[in-house]
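A short write-up of the structure that comes next.
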Amino acid sequence: MTLSERMYLPAIAQGLGITLKHFFKKKATINYPEETRSRSEIWRGLHVLKRDENGAERCTACGLCAVACPAEAITMTAGERKKGEEHLYREEKYAVTYEINMLRCIFCGLCEEACPKAAIFLQDDKLAPARYERDEFIYGKDRLVEPLKTTETK
Amino acid sequence: MDSVVLIYKGIYILAIFGISLLIATYSTYFERKIAAFIQDRVGPNRAGPMGLLQPLADAGKLFFKEEFIPAKANKTLFILGPGIAMLVAAMSSAVIPFGDTLILGETSFDLIAIDVNIGILYIFGVVSLGVYGLMIGGWASNNKFSLLGAIRAASQNISYELAMGLSLIAVLMLSGSLSLKVIAEQQAGFNWNIWYQPLGFLIFLICAFAETNRTPFDLPESEAELIGGYHTEYSSMKLGMYLFAEYINIFVVSAVMATLYFGAYNFPFMENLRNAFDDPVLGNNVVTILGVVVMFAKIFAFIFFFMWVRWTLPRFRYDQLMKLGWNILIPLAILNILLTGGGILLYEYFTKG
């Protein structure tokens, strides 16, 4: 080694320069609860069962989504619409129960593509959050159906 | 000494004590912040605005943790260890001149707690006592890792204190006094010692890192090899005391370096500023207050440098550490004394002869 190499001081100064450069660099951190990383427009998140413009459920329980699902995460039971329920369900046949197991779901979006009634969508702004119990991951209609719009927007 | 001065000294000593504790507290915060910034992170930012309450949260946590004393430890010494480390660290800031003289009414107040004529000797004596805290704590833990850490701390401090003292002698040859106040006054304006003692400052700086057990010389507390060194067995606020003492030591060493080499509270053009005021008392006070600000700015710059180095350099190996201390720094320090002596003789020959 040459004398300047053996003194180490030039190398130390160089190292200090590198760390100082990083000191003033823009930080990579995203402060999660306050800010979120922007997602892609086609990002596939938590499912939602849509209602039509009158607030009736679009799903007719045809079962195509369950057939299309590669993870077999969707189960449903179909029922017949009774008189006086027209404002609740758009078609004559509707889903009495509709469950998606979020532990099985791979968020591929094939259910969305299979749906002939444009009833199921994967939202681009919601995640399936972490939970403590496994059975809490089976989402029923109570958590999947889009909430009713308020009266003035109807 | 009349009662006004006595009361003033009491208040001043309390203030200095409080300031050194405050700076040590916030050193922990800035250490984490600087570490984070150098690693492209943002660091603690949850407790209070920008995480400014983080030290309080840490202290609260430490106070509420279990005070664990190992069954076979020597209980008295085990408690005494962190106590000595803390006491000694807090004592050493007494002789540092943080500013010149404030004139209020008839009386003038020196901004120094104790103006003793052996100031620098006092600091060295007290700071080297600090190793007793580590040694006693490490030995009393009755743990091999603690003892190894303590032995490392002791031998490292002895080795580097030699080079530190020798590099200091060159400064004392220039100043002709051991009083920190006199040394500070001699560096008025921009006539700082660093211009005459660049090599001495470099040696002193390296030794200061070793004396305060900071990276790259933090072998006594290396986590990888010794779990935690001398404070392996310590928990709760006793561990906090050790860490705290380390930060106070950094503050004191930074203050000493600022005083010895970077002109203490002096700043360029201070005489021009003093003469710019019509009232000499007002001019003096303005310059003094600015001087205190400048002194603390220098201290903070050094503290920043300590942390900056910590997140840049890896740790030395123990034989490298000893080799650097004995084979390189001590001969260099002796060479520096010779050069300084020669310089002083030449200067006197040409100016007085």
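Working only within region B:249-279, note down all residues that are of a type outside the set (A, V, I, L, M, F, W, C), touching a residue at least 60 places away in the same chain (Cβ under 8 Å) and surrounded by 21 or more Cβ atoms within 10 Å (Cβ to Cβ).
If the condition is that a residue be of a type outside the set (A, V, I, L, M, F, W, C), touching a residue at least 60 places away in the same chain (Cβ under 8 Å) and surrounded by 21 or more Cβ atoms within 10 Å (Cβ to Cβ), then B:ASN249, B:THR259, B:TYR261, B:GLY263, B:TYR265, B:ASN266 are the ones that fit.
If you go through region A:12-57, how many residues are surrounded by 11 or more Cβ atoms within 10 Å (Cβ to Cβ), closer than 15 Å to A:GLU112 by Cα and under 17 Å from the mean Cα position of the chain (by Cα)?
Counting residues in region A:12-57 that are surrounded by 11 or more Cβ atoms within 10 Å (Cβ to Cβ), closer than 15 Å to A:GLU112 by Cα and under 17 Å from the mean Cα position of the chain (by Cα) gives 8.
Scan region A:12-68 for residues that are in contact with a Leu (Cβ under 7 Å, 6 or more places away or on another chain) and over 30 Å from A:ALA78 (Cα atoms) and jot them down.
Those that are in contact with a Leu (Cβ under 7 Å, 6 or more places away or on another chain) and over 30 Å from A:ALA78 (Cα atoms): A:ILE12, A:GLY15.
With the requirement that a residue be out of contact with any helix residue (DSSP H, G or I) (no Cβ under 8 Å at 6 or more places or on another chain) and closer than 30 Å to A:ALA13 by Cβ, what does region B:266-299 give you?
Selection gives B:PRO268, B:PHE269, B:VAL293, B:VAL294, B:PHE296, B:ALA297.
Please enumerate the residues belonging to region B:315-336 that are over 23 Å from the mean Cα position of the chain (by Cα) and either outside any helix (DSSP H, G or I) or more than 13 Å from every other protein chain (Cβ to nearest Cβ) (or both).
B:ARG317, B:TYR318, B:ASP319, B:PRO331, B:ILE334, B:LEU335
Give the residues of region A:67-101 that are in contact (Cβ under 8 Å) with a residue 40 or more places away in the chain, of a type outside the set (Val, Ile, Thr) and within 20 Å of A:ARG143 (Cβ to Cβ), sorted by residue number.
A:CYS69, A:ALA95, A:TYR98, A:GLU99
Tell me which helices (runs of 4 or more DSSP H) are completely within region B:1-119 and hold 2 or more residues being away from chain A (no Cβ under 14 Å) and under 22 Å from B:GLU185 (Cβ atoms), or say none if there are none. Break it down stepwise before answering.
Values: elements: B:3-38, B:54-64, B:75-91.
Result: B:3-38.
Considering only residues that are part of a helix (DSSP H, G or I) and in contact with a strand residue (DSSP E or B) (Cβ under 8 Å, 6 or more places away or on another chain), which ones fall in region A:70-129?
A:CYS111, A:GLU112, listed by residue number.
Matching residues to (1) among the polar types (S, T, N, Q); (2) closer than 20 Å to B:TYR26 by Cα; (3) crowded, with 21+ Cβ neighbours inside 10 Å:
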site	(1), (2), (3)
B:PRO216	no, no, no
B:PRO220	no, no, yes
B:HIS231	no, no, yes
B:MET241	no, yes, yes
B:TYR247	no, yes, yes
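For region B:273-314, what are the residues that are within 14 Å of chain A (Cβ to nearest Cβ) and either in contact with a Leu (Cβ under 8 Å, 6 or more places away or on another chain) or of a type outside the set (A, V, I, L, M, F, W, C) (or both)?
Within region B:273-314, B:TRP308, B:VAL309, B:ARG310, B:THR312, B:PRO314 meet the criteria.
Find all pairs meeting these conditions: Cβ atoms under 6 angstrom apart; at least six residues apart or on different chains; first residue within region B:149-172 and without any contact (Cβ under 8 Å) to a residue 24 or more places away in the chain; second residue of a type in the set (Phe, Trp, Tyr) and surrounded by fewer than 19 Cβ atoms within 10 Å (Cβ to Cβ).
Hits for this filter: zero, empty list.
Quick check on region A:13-42: of everything there that is within 11 Å of chain B (Cβ to nearest Cβ), of a type in the set (A, V, I, L, M) and part of a loop (DSSP other than H, G, I, E, B), which residue is nearest to B:THR312 (Cα to Cα)?
Among them, the one singled out is A:ALA28.
For residues that are more than 30 Å from B:ALA153 (Cβ to Cβ) and either part of a loop (DSSP other than H, G, I, E, B) or β-branched (Val, Ile, Thr) (or both), tally how many sit in region B:246-295.
Count: 17.
From (1) in contact with an Asp or Glu (Cβ under 6 Å, 6 or more places away or on another chain); (2) surrounded by fewer than 16 Cβ atoms within 10 Å (Cβ to Cβ); (3) outside any strand (DSSP E or B), pick out the condition that doesn't hold for A:THR60.
Looking at each condition in turn, A:THR60 falls short on (2).
The numbers here are math on the coordinates, done by the rules we state, and not lab data. Bear in mind that the values here come from a model prediction, so they are computed numbers and not experimental data. Please note: Cβ atoms are built from the backbone with ideal geometry, for glycine as well, and neighbour counts cover all protein chains shown.
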